[in-house]
Amino acid sequence: MNPFWKSLALVLVAAFLVGLLARPVEEPAWQWVREQEPALQLESLEDLLGQGIIVGVMGGFRSIFANLLWIRGSEYWKEQDLPGMQTMIRLVTAIDPRPSFFWMNGARITSLDMPHWRIREQGGRQNVPEVVQERIFEEQNLAGIEILHRAMVYHPNNPQYPLEIGLIKARRMDDLEGALKYYRKASEMPNAPAYAARVYAQLLRRLGRDQEAYEWLAGIYPTLDPDNIYDRAEVMLRRIRELEEDLNIPPEERIPELARDSARK
């Protein structure tokens, strides 16, 4: 019996007792705890997390539990323990889905680190056929995207998740069409970083869709603040000018440069 899971079981039971003192807890939850073996199995724990029972018992201790588990997960990462790390990512995000840190790092470990762990376990790059390595990387990239999709259920208005999916698809899977969908989704969110719209236009250009890229940038540029360093209006204007040259836009039809506050005074 793994000592860690035994300790986790004891901590969960202690949390249950604290929750019982703080407020009434449904009898089925306590009945379940009494009937289980000393070591709580992940499958059973995840079933109850889905029903909200264990999370209700933990109450305000969710964040503490999740952080303690993530610390334990760092040991799995150092040991390149793929099953242990997979389990920990799923468990931590189930216990406390609120922090972006768990989702983003879980997805990155899954897509960036785990492929190398799998290839090492199969004999290393020199012994694993290239086609098999490519399949492993694809599988892990898709697994990382799946984590980010689950994150979006809890954080539907956070642009960092579609941006991360777009990054995986564009850079690691060479799926520019797939990346377009997510960069556009992110760029249309109210709190999206300005670079999301610029990257979307760049992807359109890489796909040979210059007219679409121009119309997209022309629609966004007037909404930028030229005095805001984060909007990077000068960068967007430079890309607009490049497209105007490539598309042979007449000078009189080109987008006018935004006036800065100093110029208006």
Exercise. Would it be correct to say that Pro226 is part of a helix (DSSP H, G or I), closer than 30 Å to Leu247 by Cβ and not assigned by TED's automatic domain parsing to the domain that holds Gly106?
Worked result: no
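Would you mention how many residues in region 151-169 are charged (D, E, K, R) and surrounded by fewer than 17 Cβ atoms within 10 Å (Cβ to Cβ)?
At the first step, the residues of region 151-169 found to be charged (D, E, K, R) are 164, 169.
The next check asks that each one be surrounded by fewer than 17 Cβ atoms within 10 Å (Cβ to Cβ); those that pass are none.
Summing the residues that are charged (D, E, K, R) and surrounded by fewer than 17 Cβ atoms within 10 Å (Cβ to Cβ) in region 151-169 gives 0.
Results for (1) assigned by TED's automatic domain parsing to the domain that holds Ser63; (2) within 16 Å of the chain's Cα centre (by Cα); (3) within 16 Å of Glu164 (Cβ to Cβ); (4) hydroxyl-bearing (Ser, Thr, Tyr), shown as yes or no for each residue.
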position: Ile89; (1), (2), (3), (4): yes, yes, yes, no
position: Ala107; (1), (2), (3), (4): no, yes, yes, no
position: Arg118; (1), (2), (3), (4): no, no, no, no
position: Glu121; (1), (2), (3), (4): no, no, no, no
position: Val131; (1), (2), (3), (4): no, no, no, no
position: Arg135; (1), (2), (3), (4): no, no, no, no
position: Ala143; (1), (2), (3), (4): no, yes, yes, no
position: Ile147; (1), (2), (3), (4): no, yes, yes, no
For this session: Quick one: count up the residues across region 188-245 that are over 19 Å from Leu176 (Cα atoms) and hydrophobic (A, V, I, L, M, F, W, C).
Result: 13
Exercise. Within the bounds of region 150-162, is there any residue that is touching a residue at least 60 places away in the same chain (Cβ under 8 Å), over 13 Å from the mean Cα position of the chain (by Cα) and not assigned by TED's automatic domain parsing to the domain that holds Arg62?
Worked result: no
Seminar exercise, completed: Quick count over region 95-153, residues being more than 30 Å from Ser63 (Cβ to Cβ), among the basic types (Lys, Arg) and part of a helix (DSSP H, G or I), is 3
For this session: Report yes if Tyr200 is assigned to a helix (DSSP H, G or I), closer than 30 Å to Glu134 by Cβ, free of Cβ contacts under 8 Å to residues at least 24 places away in the same chain and out of contact with any strand residue (DSSP E or B) (no Cβ under 7 Å at 6 or more places or on another chain), otherwise no.
Result: yes
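Report yes if Arg232 is at pLDDT 95 or above and not aliphatic (A, V, I, L, M), otherwise no. Break it down stepwise before answering.
Working: at pLDDT 95 or above: no; not aliphatic (A, V, I, L, M): yes.
No.
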For this session: Answer yes or no: is there a residue in region 243-250 that is assigned to a loop (DSSP other than H, G, I, E, B), in contact with a helix residue (DSSP H, G or I) (Cβ under 7 Å, 6 or more places away or on another chain) and surrounded by fewer than 14 Cβ atoms within 10 Å (Cβ to Cβ).
Result: yes
For this session: For region 170-195, enumerate the residues that are out of contact with any Pro (no Cβ under 6 Å at 6 or more places or on another chain), surrounded by fewer than 21 Cβ atoms within 10 Å (Cβ to Cβ) and among the small types (Gly, Ala, Ser).
Result: Gly178, Ala194
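The values are calculated or read from the model by the stated rules, or taken from the named source; none is laboratory data. Keep in mind that this is a model prediction, so the values were computed, not measured. Neighbour counts run over all protein chains shown; Cβ positions are idealised from the backbone, glycine included.
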